[in-house]
Amino acid sequence: MSRLLCETRIARGRVALVDGSDAFDPSAVPPDCLRHLIWVRCGDCSRAFAAADILVRDGNYAVVVLDLRGLDERTLRQTPPSAWHRLQRAAEAGGAAVLVQTEFPLAPAVPARLVLEEMLPLSAALRTSAEIAAAMEPGQARSPRRLGDREQRAG
């Protein structure tokens with residue numbers, strides 16, 4: 001999050017963080033970068049989606065981060081598909097990039113999915129954030145719905 005905030009600040013953009021489980025630690029981010037952050041602390045899934053929807057439609061944010069990590073998986077899986085599609089349509093119309101952070105694949109029909117599969121060793125806690133980020137190797141996974149559509153066309 002720190003790097004995203006700093007890069008967005010350099011580009012003179014603003015970031016909105018919808019913190020579903022109140023897990024964001026502002027002390028981990030340089031204070032200068034925090035001036036370009038709107039932090040919404042929600043505490044549950046329905047409030048997080050409502051806040052994200054409002055912020056995406058606002059049009060003043062380059063990136064809206066919907067952080068759903070730490071929320072109950074069962075509740076998240078019961079999120080109606082209409083909530084996801086409404087958020088997707090709002091992002092397309094408003095031009096904001098939407099980043100959804102989860103602990104498991106959740107968002108349907110997304111154009112790209114960034115997956116961090118390897119667990120970091122306990123010794124990583126002694127490294128700086130920059131060292132940890134450099135050591136991570138993200139992969140990209142396709143949305144199951146989109147993959148299924150391609151398989152049907154090919155078959």
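Where a number appears in this text, it was derived from the coordinates with a stated rule and is not lab data. Since the model is a prediction, treat every value here as computed from it, not as a measurement.
D22 to D58: extension gain in nm, 0.36 nm per residue of separation minus the Cα-Cα distance?
Using 0.36 nm per residue and subtracting the Cα-Cα distance, I get 10.7 nm.
Take the alpha-carbon centre of region 1-25, take the same for region 50-89, and report the distance between them in whole Å.
15 Å
If you consider only alpha-carbon coordinates, what radius of gyration and Dmax does region 1-94 have, in Å?
Rg and Dmax of region 1-94, Cα atoms, are 13.4, 38 Å.
For A11 and R77, compute 0.36 nm times the residue count separating them, minus their Cα-Cα distance, and round to one decimal in nm. Display every interim value, and only then the final one.
Values: separation 66, 0.36 × 66 = 23.76 nm, distance 3.50 nm.
Once the chain is fully extended between A11 and R77, it gains 20.3 nm.
Counting only residues 5 or more places away or on other chains, whose amide H sits under 5 Å from the amide H of V65 once H atoms are built in the peptide plane?
Under 5 Å from the amide H of V65 lie the amide H atoms of A16, L17, V18, L99, each far enough along the sequence or on another chain.
Gain in length, E103 to A50, computed as 0.36 nm per residue apart minus the alpha-carbon separation, to one decimal in nm?
Details: separation 53, 0.36 × 53 = 19.08 nm, distance 2.03 nm.
Extending this stretch completely gives an extra 17.0 nm.
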